[in-house]
1. Taking only pairs that are 8 or more places apart or on different chains, how many Lys pairs in segment 24-72 have Cα atoms under 16 angstrom apart?
2. Ranked from highest to lowest mean number of other Cβ atoms within 10 Å per residue, what is the order of the peptides 16-22, 129-135?
3. Determine the per residue accessible area of segment 8-140 with all protein chains present and a 1.4 angstrom probe, expressed in square angstrom.
4. Which whole-number value in Å³ per residue fits the convex hull of the alpha carbons of segment 1-103?
5. Once you've got the Cα coordinates, tell me which of Lys153/Lys180; Lys120/Lys168; Lys109/Lys168 are over 18 Å apart.
Amino acid sequence: MATKKSELSKEKIVSMYMYYVLEHNEKPKSVYKFSKINTITEKEFYNFFGTIESVEKEIFNMFYEKTIALLHKDKDYETYDMRSKILSFNFTFFELLTANRSYVLLTLKESGNQLKNLTKLSSLRTSYLEFVSNTITEDIKTKQEKLQNFQEKAIQESFWFQLLLTMKFWMDDSSPALEKTDIYIEKSINTAFELINIAPLDSLIDFGKFIFKEKIYSK
């Protein structure tokens, strides 16, 4: 069925794109092919996106935007401390990924080149770094004065790295309801905050035991 021009939107094109990838087990070879199969013109596509790759990036950023929107539906969210906000983000974000698991796995496992796959997350990275920056509380900043000018940028990057590691764990998780990912999220974030507070031993040991058990004994 042809899509009327008045109905076309960025979200509609994203929906078309995800459906195409799942149906064909690969991304479209060209804007022409994608547009033709969806009965839209190339001009209509270019009104919203410049390339096929930009659609891929936008999808992961839309997962971020939806996560933020859901978090702010909770009237108590703004009263949370930094740890609770980041935990809430992670749990909500991975719920959305799980709801779209087939697409995400297909997309991120498309290439064996991990650096190439990371480019698909570039828009997500920009948004997430800003989220962490806005979430860093004054008490955390005060504690950082003891860390030889430990920069805010380092905190942002460390939480981005934690999110990437969680995505990798989630991709490999075969537990019922992906319950082990929830455990991973809590332990890894607790460890990250213990490192910030310069008291990492207990959390590092606890997190280390969990990873050792999952990666060694689960084989």
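1. So the count works out to 4.
2. 16-22, 129-135
3. Ligands and nucleic acids excluded, the result is 52 Å² per residue.
4. 121
5. From Lys153/Lys180; Lys120/Lys168; Lys109/Lys168, over 18 Å: Lys153/Lys180.
The values are calculated or read from the model by the stated rules, or taken from the named source; none is laboratory data. Since the model is a prediction, treat every value here as computed from it, not as a measurement. Quick reminder, even Gly has a Cβ in these numbers, built from the backbone with ideal geometry, and neighbours come from all protein chains shown. Just the protein is used for accessible areas: all its heavy atoms, side chains included, with ligands, DNA and RNA removed. Shrake-Rupley method; radii C 1.70, N 1.55, O 1.52, S 1.80 Å.
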